[in-house]
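S.K.: First the structure, then my questions, so here it is.
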Amino acid sequence: MKILVFSDSHSNVSNVCNIIDICKSDTSLVVHLGDLTSDFKKIKNRFPDIPGISVKGNNDFFDLEVESEYVGILEGIKCLFTHGHQYSVKSGISGIAVRARALKAELVLFGHTHMPYKEKRGNTLFFNPGSVGVGGLYTFGIIHINRSVIQSADVLYYDPIIKRIDFLRSIR
């Protein structure tokens, strides 16, 4: 299973759509971690055949149709997807780590900081794709899961001028 992970698109739908166009042939799921859920709705209209999950962020307060968390199992992996503001992720991941431990989550996806982040703590991978919509360094994530194992989780950079994707080499 190949999962494309986006966060903090902030009305920059064209970046997300261009990335999906490049990666769509083998994409199993698109995840949008909030800010803005209205962007995700536009993306789903453009790519109705690709399943998607969206959670709302701090700028999606008035969206009553979308939950602030997704908790579920994908390919045998227990997941927690959230924007992260309610766990104060700009100050660190201790708050979201408590929630992950309570849920026994193996994969935690969050956004809000606009900065890519990847850390394995015990049996849990904490992953933030950064921002695909603001800041000039447009980033997103690709996660591969196979047979209940997270095989890879990479942050990639998208250059909207030349419409090219490349690995962001500073994240390990």
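The values are calculated or read from the model by the stated rules, or taken from the named source; none is laboratory data. Note that the coordinates shown come from a computational prediction; the quantities given were computed from them, not determined experimentally. Heads up, the Cβs are rebuilt from the backbone with ideal geometry, glycines too, and the neighbour counts pull from every protein chain shown. Note: accessible area is taken over every heavy atom of the protein model, side chains too, but ligands, DNA and RNA are not part of it. Shrake-Rupley method; radii C 1.70, N 1.55, O 1.52, S 1.80 Å.
S.K.: Within 10 Å of each candidate Cβ there may be at most 16 other Cβ atoms; applying that plus a DSSP loop requirement, which GluC sites (Glu not before Pro) in segment 15-70 survive? Write down the numbers at each step before the final one.
M.R.: Values: sites: GLU65, GLU67, GLU69; in loops: GLU65, GLU67.
Qualifying residues, ordered by number: GLU65, GLU67.
S.K.: Moving to a separate point now. How far apart, in nanometres, would the label points at ASP159 and ARG99 be if each is projected 7 angstrom from Cα along the Cα-to-Cβ direction?
M.R.: 3.6 nm
S.K.: Which of the aspartates and glutamates could a cross-linker span from LYS163 if the Cα-Cα distance has to be under 12 Å and same-chain partners fewer than 8 positions apart are dropped?
M.R.: Those aspartates and glutamates meeting the cut-off are ASP21.
S.K.: In whole percent, how big is the carbon plus sulfur part of the accessible area of the chain, probe 1.4 Å, protein atoms only?
M.R.: Values: 4240 of 8290 Å².
Solvent-exposed carbon and sulfur of the chain make up 51 percent of the total.
S.K.: While we're looking at this one, here's another question. Report the extension gain between ASP49 and VAL71 in nm, rounded to one decimal, defined as 0.36 nm multiplied by the number of residues separating them, less their alpha carbon distance. Kindly include the intermediate steps, with their values, before the conclusion.
M.R.: Details: separation 22, 0.36 × 22 = 7.92 nm, distance 2.23 nm.
Roughly 5.7 nm would be gained on extension.
S.K.: May I ask what percent, to the nearest 5, of DSSP beta bridges between residues of the chain are antiparallel? The partial results should precede the final answer.
M.R.: Working: 29 of 42 bridges.
Roughly 70 percent of the beta bridges in the chain run antiparallel, per DSSP.
S.K.: Still on this structure, I have one more. Net charge near LEU103, counting Lys/Arg +1 and Asp/Glu -1 over other residues with Cβ under 11 Å of its Cβ? Could you put the intermediate results ahead of the total?
M.R.: Numbers: positive: LYS78, ARG99, ARG101, LYS104; negative: GLU69, GLU106.
Charge balance near LEU103 sits at +2.
S.K.: When the chain is fully extended, how far beyond the present Cα-Cα distance does MET1 get from GLN86, taking 0.36 nm per residue of separation? Let's see the in-between values first.
M.R.: Details: separation 85, 0.36 × 85 = 30.60 nm, distance 2.86 nm.
Between MET1 and GLN86, full extension yields an extra 27.7 nm.
S.K.: Work out how much length SER152 to ASN123 would gain on full extension: take 0.36 nm times their residue separation and subtract the Cα-Cα distance, in nm to one decimal. Please list the in-between numbers first.
M.R.: On the way: separation 29, 0.36 × 29 = 10.44 nm, distance 1.42 nm.
Additional length available on full extension: 9.0 nm.
S.K.: Here is a further query. What pairs from LYS90/LYS120; LYS44/LYS120; LYS42/LYS120 go past 29 Å between their alpha carbons? It would help to have the intermediate numbers written out before the result.
M.R.: Values: LYS90/LYS120 18 Å; LYS44/LYS120 31 Å; LYS42/LYS120 33 Å.
Listed pairs above 29 Å: LYS44/LYS120; LYS42/LYS120.
S.K.: Compute the distance from the alpha-carbon center of segment 112-142 to that of segment 25-74, in whole Å.
M.R.: Here the two parts' Cα centres lie 16 Å apart.
S.K.: Within a Cβ distance under 12 Å of SER54, other residues only, what is the Lys/Arg minus Asp/Glu net charge?
M.R.: Details: positive: LYS41, LYS42, LYS44, LYS56; negative: ASP35, ASP39, ASP60, ASP63, GLU65, GLU67, GLU69.
Net of charged neighbours comes to -3.
S.K.: Taking the Cβ of ILE22 as the center, what net charge do the other residues with Cβ under 14 Å away carry, scoring Lys and Arg +1 and Asp and Glu -1?
M.R.: Details: positive: LYS2, LYS24, ARG46, LYS163, ARG164; negative: ASP21, ASP26, ASP159, ASP166.
Summing Lys/Arg as +1 and Asp/Glu as -1 gives +1.
S.K.: Could you give the accessible area per residue of the chain, probe 1.4 Å, as a whole number in Å²?
M.R.: On the way: 8290 Å² over 172 residues.
With all protein chains present, the chain gives 48 Å² per residue.
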